[in-house]
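Report on the structure given below.
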Amino acid sequence: MPKNVIFVCESCHSSSAEVPEKPPFDSTTLLEQINTLCTEKSLNNEVEIHPVGCLWACNSGCVVSVASLDKPTYLFVNLTPGETAAALLDFMQLYIKSAKGTVVWKQIPELLQSAIFAQIPPVVSNETPSNSD
């Protein structure tokens, strides 16, 4: 993972309406909004956006994960298209600026504070690399 990555579940649907049998799902709209705003904010050199088939939180509306090497992974749930995309990119800018990927709670966009489901610690290897492959 060379950059900071936003993983967007492609099969999520958050509206109160019944889940459609075929796309577009709410997550498709959210993904398009994130891509557009990322380009507008000139974050394409710092952020990669990866759609994924499923993030396994199907009862939690639209789901997005934010990850990077040596930084914690954040999992956001119950997101909706609209203002959420801008809030996610505001969060990403804070995440990128933080050397350790930690974002002070008060700085997290208010719209996302109730959407944080988990902060997963980064994987840290304590092993010394060996030359015996």
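The values are calculated or read from the model by the stated rules, or taken from the named source; none is laboratory data. All of these numbers come straight from a predicted model, not from anything done at the bench. Cβ atoms come from the backbone with ideal geometry, glycine included; neighbour counts cover every protein chain shown.
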Exercise for review: May I ask you to list pairs of residues, at least six apart or on different chains, whose Cβ atoms are under 6 Å apart, with the first in region 62-91 being assigned to a strand (DSSP E or B) and the second being acidic (Asp, Glu)?
Suggested key: CYS62/ASP26
Point to revise | Residue ID - farthest from ILE108 (Cα to Cα), chosen from residues in region 62-82 that are β-branched (Val, Ile, Thr) and crowded, with 20+ Cβ neighbours inside 10 Å | key: VAL63
Practice item. Name every residue in region 99-116 that is farther than 13 Å from PRO72 by Cα, among the hydrophobic types (A, V, I, L, M, F, W, C) and not in a loop (DSSP other than H, G, I, E, B), in order of residue number. Key: TRP105, LEU111, LEU112
Review point. For region 40-61, what are the residues that are part of a loop (DSSP other than H, G, I, E, B), surrounded by fewer than 17 Cβ atoms within 10 Å (Cβ to Cβ) and not aromatic (Phe, Trp, Tyr)?
Key: LYS41, SER42, ASN44, ASN45, GLU46, GLY53, CYS54, CYS58, ASN59
Revision key, fill the gap. How many residues of region 77-91 are under 18 Å from ALA118 (Cβ atoms) and modelled with pLDDT under 95? The answer is 4
Practice item. May I ask you to list pairs of residues, at least six apart or on different chains, whose Cβ atoms are under 8 Å apart, with the first in region 99-112 being among the small types (Gly, Ala, Ser) and the second being in a loop (DSSP other than H, G, I, E, B)? Key: GLY101/SER68; GLY101/ASP70; GLY101/LYS71; GLY101/PRO72; GLY101/PRO122
Check your understanding: Which of the following residues is modelled with pLDDT under 95, small (Gly, Ala, Ser) and touching a Cys at 6+ places or on another chain (Cβ under 7 Å): SER130, SER125, SER27, SER60?
Key -> SER27
Study note, to complete from the structure: Note on LEU89: of the conditions (1) closer than 12 Å to VAL8 by Cα; (2) surrounded by 13 or more Cβ atoms within 10 Å (Cβ to Cβ), unmet is (1)
